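The values are calculated or read from the model by the stated rules, or taken from the named source; none is laboratory data. Computed from a prediction, not measured in an experiment: that's the story for all the values here. Heads up, the Cβs are rebuilt from the backbone with ideal geometry, glycines too, and the neighbour counts pull from every protein chain shown. The accessibility values were calculated without ligands, DNA or RNA, using every heavy atom of the protein model including side chains. Shrake-Rupley method; radii C 1.70, N 1.55, O 1.52, S 1.80 Å.
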Amino acid sequence: MKKHKNTFAKFCQFIYLSFSNFTKNNLWESAASCSFGFVFSFIPISLIILTLMVWLLKISPGIYTYVMQIAKTIEPVFDVKPYISQIMRTNKFTILDIFLSFWIIWMARRLFSSIVRAMSKIFRSVSKRKNIFNQLFMFLAEFFLIFVVVIVVLFAFMFNQFFSLPFFDQIKTYLPPLFKINSNVIITALMYSIIFILTVCAYKFLSGTKPRLTLCLFYSLICTASFFVINLFLRKFLNYSNYNFIYGAISTLIIMMFTVFIFFYLFLFCAQMIYVSQFFNILLQSEIYLLPEYDSKNFIGILKRILFINPSVIQTEENTVHCKKDSILYDVGDDSNFVYYLKHGTVCEISEKTIVYFDQGDFFGEVDSILKKSRNSCIKAISDCEIIKIPADEFNNLILQNPRAASKALSKVSSYAASIYGLNSDYML
């Protein structure tokens, strides 16, 4: 029962940390930026794809009809028929055509640039990759995307052509369900497979934190599957005719932007969950160090105390100290190798000048650990206590990662210095 309770508590803490960090990083705006980047990249990428398919259109006249059918799906956004007709009259590629193709790919980096910036927000302090690498990645990613789309279209066409051979006429009578699968279903399956693969690559290589491949695969699957379900729901229940009546020709563009925004929202949220999964312990320690006061009236403050005041996830037999009433946890002159979190009970800190009481949810002992000096006070248990000890190095890493935690620790150091030298702590800050 206790194990299930701890698992549920960890899940709730995980969800809270994911949403709170998502909000702090302003990833709603980043998702919108990525969706606009997609639209700006969509037309030049489409032109390059069609240019690369010139030789296919000429080798097989049948594929021309097939490509024109695909072109109808994006016609409200961008009419490619005149462009296709123009490239069909082209006899050969020139050096200028090749140069322009690479230039268009380079200029259409807005989408991948937005993705890189969003990923940098999520994996902020641990993602330190040179700008030249990001630029090269954006170029190669866009080039790879173009290449993959061409292959997918070609495969779907070959699939249709292959199963239209006379050899399969008799088989169709025996296995009709198999032949009901048309090329649009194949393209959809391949496109979602490509989305899944690209998402895995983005999580693995853009984060800069070297997440486990299994972690990337798991959250990529969640992202892709969620997007498929939501997209299916939108296609089933969204009334496109209303948007056509209100917005006219740009209605398809608006709906496409909304759909792309949903994908990038899911993509960035899953990326945020990867970050939380990787650094869950240190994020959890940050939250318990920054717990609001017991008498907090703020709803978020109350929720945080409920969620984080008993951090069983980071508690082990090795880092748990049980103190009986009137026992001494540490005394003056002891080493300051640990910072302590009071999970249950009450203790008092006795120094030459003051006596300070700590209750459930309080940290103590961090000042000596930060200053790397021996204890200058004594901690005595006022009641039976359950205390979690955190190594000083681990705590110092925590305050380096979290500016708010660093501010709180600095405030305590300042108050300590003021008490030693008789100065006002506000003046010292």
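Return a yes/no flag: does segment 19-27 have any residue that is on the phi > 0 side of the Ramachandran plot and either at pLDDT 80 or above or open to solvent by 20 Å² or more (accessible area, probe 1.4 Å) (or both).
yes
Can you find a residue in segment 394-407 that is out of contact with any Lys or Arg (no Cβ under 6 Å at 6 or more places or on another chain), open to solvent by 50 Å² or more (accessible area, probe 1.4 Å), at pLDDT below 90 and of a type in the set (A, V, I, L, M, F, W, C)?
yes
Can you confirm whether segment 318-336 contains a residue that is surrounded by 13 or more Cβ atoms within 10 Å (Cβ to Cβ), in contact with a Ser or Thr (Cβ under 6 Å, 6 or more places away or on another chain) and in a helix (DSSP H, G or I)?
no
Please go through segment 266-302 and pick out each residue that is open to solvent by 50 Å² or more (accessible area, probe 1.4 Å) and either among the charged types (D, E, K, R) or modelled with pLDDT of 85 or more (or both).
Selection gives Q278, F279, N281, E293, D295, K297.
Quick one: would you say R212 is among the charged types (D, E, K, R) and at pLDDT 90 or above?
Criteria met by R212.
Residues G333, G301, G345: which one is more than 19 Å from A409 (Cβ to Cβ) and either free of Cβ contacts under 8 Å to residues at least 12 places away in the same chain or of a type in the set (D, E, K, R) (or both)?
G301
List pairs: first residue in segment 360-378 and more than 17 Å from I388 (Cβ to Cβ) and in contact (Cβ under 8 Å) with a residue 40 or more places away in the chain, second residue assigned to a strand (DSSP E or B) and among the acidic types (D, E) anywhere in the structure, Cβ distance under 9 angstrom, at least six positions apart or on different chains.
If the second residue must be assigned to a strand (DSSP E or B) and among the acidic types (D, E), the pairs left are S377/E349; C378/E349.
Determine, yes or no, whether V413 is in contact (Cβ under 8 Å) with a residue 40 or more places away in the chain, β-branched (V, I, T), crowded, with 20+ Cβ neighbours inside 10 Å and within 30 Å of F123 (Cα to Cα).
No: the conditions fail for V413.
Taking segment 279-316, which residues are out of contact with any Pro (no Cβ under 7 Å at 6 or more places or on another chain) and among the polar types (S, T, N, Q)?
Once the filter is applied, which keeps residues that are out of contact with any Pro (no Cβ under 7 Å at 6 or more places or on another chain) and among the polar types (S, T, N, Q), segment 279-316 yields N281, Q285, S286, S296, N310, S312, Q315, T316.
Would you check if T199 is out of contact with any Lys or Arg (no Cβ under 7 Å at 6 or more places or on another chain), surrounded by 18 or more Cβ atoms within 10 Å (Cβ to Cβ) and either modelled with pLDDT of 85 or more or not in a loop (DSSP other than H, G, I, E, B) (or both)?
Yes; evaluated as a whole, the condition is true for this residue.
Taking the stated definitions as given, is L253 modelled with pLDDT under 75, among the aliphatic types (A, V, I, L, M) and open to solvent by 20 Å² or more (accessible area, probe 1.4 Å)?
yes
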